[in-house]
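Here's the structure we're looking at; comments come further down.
The values are calculated or read from the model by the stated rules, or taken from the named source; none is laboratory data. Since this is a predicted model, take the numbers as computed values, not measurements. Every residue, glycine as well, gets a Cβ built from its backbone with ideal geometry; the counts of neighbours run over all protein chains shown. Areas reflect the complete protein model, heavy atoms only, side chains present, ligands, DNA and RNA absent. Shrake-Rupley method; radii C 1.70, N 1.55, O 1.52, S 1.80 Å.
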Amino acid sequence: WSLHIIDSAARDTGRINDWHLILTPGSETVDAETTGEDSDLTLNETTSAIIPDNNTEGISQAVSTTEHFTVGSVVVDLTIRHEYIGDLKVTLSHEDVEYTLHDNIGGGSDDIVEQWTVSAFEGVNVQGDWTLQVTDNQNLDEGTLESWGLTFRQADETETLLVEDLESPESFPGQ
C-alpha cells in the first residue's frame, strides 16, 4: 500500500507519524497498519468466532497481504475467551511453515491474552495468507476467538563484510 499526500498550500510543513488502512475482503474485516517505520506491517483480525467444543478441526481465520518483503520476525497478539485453556491448541501457518503458539497447556486457567515474538517464519516472504487455527481438544466447554494480530518485522538484508575478509586497508569498499 502507498499513501500519497500533496501539500498544495504555501508556508506550512507537516509530517506523517503513522497511517491506518481497513481492508474489507468479503464479509471479514482485515486491519492493516504501518507503525511509522518502513520495516513493520501489522495485520489484525477482529471478527470473533466460536471455538467448537471437542472438535479437532476447530476454526481457522486468515489475514492476507500483498506486501513483498522478507520476514525477520512476527509478533503475534491473541485474545481467546475460554474457561479451560488446557483444552486448546493454537497454531499459525504461512506457506510451508507452521508454528504452535499454545499446545494444550494451562489446565483450568481462563482465557489467553498473550503476545509472542516468533522467529520460525524468518526468511519467508510476507506476501500471502497467514492462517491461525484454534482447536478445542476436550469436551464440556467452548470458547471464543476474540481477536488476533500479526506485526511483521522486516529482515535486515544488508550485507556485512568482516574485517578478517579484507586483504589490506586499501581494499575496503568505498575507499
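When segment 83-99 is filtered for residues that are of a type in the set (A, V, I, L, M, F, W, C) and assigned to a strand (DSSP E or B), the ones remaining, listed by number, are 88, 90, 92, 97.
Filtering segment 76-89 to residues that are open to solvent by less than 10 Å² (accessible area, probe 1.4 Å) and in contact (Cβ under 8 Å) with a residue 60 or more places away in the chain leaves 76, 78, 80, 82.
Of the residues that make up segment 129-143, is at least one among the aliphatic types (A, V, I, L, M), open to solvent by 20 Å² or more (accessible area, probe 1.4 Å) and either modelled with pLDDT of 95 or more or over 19 Å from residue 44 (Cα atoms) (or both)?
If we filter segment 129-143 for residues that are among the aliphatic types (A, V, I, L, M), which is where we start, we get 132, 134, 140.
Subset that is open to solvent by 20 Å² or more (accessible area, probe 1.4 Å): 140.
Now restrict to residues that are either modelled with pLDDT of 95 or more or over 19 Å from residue 44 (Cα atoms) (or both): 140.
Within segment 129-143, one or more residues are among the aliphatic types (A, V, I, L, M), open to solvent by 20 Å² or more (accessible area, probe 1.4 Å) and either modelled with pLDDT of 95 or more or over 19 Å from residue 44 (Cα atoms) (or both).
Checking each residue in segment 90-119 for being over 19 Å from residue 45 (Cα atoms) and either buried (at least 16 other Cβ atoms within 10 Å of the Cβ) or in contact (Cβ under 8 Å) with a residue 60 or more places away in the chain (or both) picks out 104, 106. Counting only strands (runs of 3 or more DSSP E) wholly contained in segment 1-81, the ones carrying 1 or more residues that are over 24 Å from residue 124 (Cα atoms), modelled with pLDDT under 60 and of a type in the set (Phe, Trp, Tyr) occupy 19-23.
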